[in-house]
Amino acid sequence: MSGATPATFALPARFLGLARNDRDAAVCIAGIPLDIGTTNRAGARDGPAAIRRASRMLVDGAHPIHRTEPAEMDVADIGDFAIALGDIERSLALIEAQAEGLAHLVALGGEHGITLPLLRALARRTGPLALVHFDAHVDTWPDSFGQRYGHGSVFFHAIEEGLIDPHRTVQIGIRSPMGNDVHDWTLARGVRIVPAEAAHERGPAAVAEEIRAIVGDAPAYLSVDVDVLDPAFAPGTGTPEIGGLASWQLLAMLRRLGGVRFAGMDVVEVAPAYDVAEITALAAATVAWEYLAMMGRPAGP
């Protein structure tokens, strides 16, 4: 029938089926298919496409809590950023240049290494950012198995370069093995680590309250590594760690962060080759959708 709304499966393979491709949009969605700095299972280069496909599940109406419809906001999917094949540092420079000038970017990874150039581009406008970081790993190793810019060193460099304020940085869901020197360095810089076990015991409301207290009124960045979720909820990732958050816990925390002055976000480390029934890709798509819905609601906690 002419003019009929297409079925979910027939929507364009862009985030939320968005037809608009406009760098002047209030919020831009971009895929960043980088995974040459991974240290375990590769495949996050296919994450943006998988997240976009899964996002078509999220177009049936308004968010049930925020009552906003991200697909109807001033949002555009501007496609994938270019990277330099096999060259991490050149890829980071390219990512930074392509992020420059965007009003507000939601990035679909790709590995966690994409966050560093995004912070470089953003911090030039905002100054040092507060950071809300969901992950199984602290990502503050000074290098990743000898690679200076591997995906486990993102926030080491972000702190050293003054892109984030470590005293306004909180990492939630941490549970991987790490050297005591890495753990101690991170704490000594002022970062607040909320281990996964503590998050389970305290509950989403208490953790979200602490996040808000640490971030305060500073401009903030949200970075969500999908491996913050337990592998039962996100098997499709390169470095899974048992004992992680359940999907509902992550969403419950995000939904309580309304009013935080987020200036951008990313969701990373979806490796669809290891996924089951798209559950990891859908989790990542839902995180980005939750963020957009939260940004579109009226101001207030």
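What follows draws every value from the coordinates through simple rules; no lab data is involved. These numbers come from a predicted model, not from an experiment. Here Cβ is always computed from backbone atoms with ideal geometry, including for glycine, and neighbour counts include all displayed protein chains.
Modelled spin labels at residue 167 and residue 276, positioned 7 Å past Cα toward Cβ, are 4.5 nm from each other. With both residues required to sit in region 6-157, DSSP beta bridges show an antiparallel share near 10%.
Other residues whose C-beta falls under 14 angstrom from the C-beta of residue 100 contribute a net charge of +2, scoring Lys and Arg +1 and Asp and Glu -1. Ordering 115, 39 from the fewest to the most neighbouring beta carbons within 10 Å gives 39, 115.
For the chain, the share of DSSP beta bridges that are antiparallel, to the nearest 5, is 5%.
Taken along the Cα-to-beta-carbon direction at a fixed 7 Å, the label points for residue 187 and residue 246 span 3.0 nm. The Cβ shell under 13 Å around residue 14 holds other residues with a net charge of +1, Lys and Arg each +1, Asp and Glu each -1. Charged neighbours of residue 43, selected by a Cβ distance under 12 Å, balance to -3 (K, R count +1; D, E count -1).
Between the Cα long axis of helix 204-215 and the first principal axis of the chain there is an angle of about 70°, rounded to the nearest 10.
Remark: spin-label model distance residue 90-residue 13 equals 2.7 nm, labels positioned 7 Å along the Cα→Cβ axis. Within region 139-230, the GluC sites (Glu not before Pro) that combine a DSSP coil assignment with at most 14 other C-beta atoms in a 10 angstrom radius are 161.
Can you sort 153, 223 so the residue with the fewest Cβ neighbours within 10 Å comes first?
In order of increasing Cβ crowding within 10 Å: 153, 223.
Sorted ascending by nearby beta carbons within 10 Å, beginning with the fewest, 186, 239 become 239, 186.
Our helix-only sum for the chain, with -39,500 (n - 2.57) per DSSP H run of n ≥ 4 divided by its residues, gives a mean residue ellipticity at 222 nm of -9500 deg cm²/dmol.
Packing order of peptides 20-29, 246-255, highest average first: 246-255, 20-29 (average count of other Cβ atoms within 10 Å over each peptide's residues).
Note on the chain: with a GNM built from Cα contacts shorter than 10 Å, the maximum mean-square fluctuation among 187, 163, 131 falls on 187.
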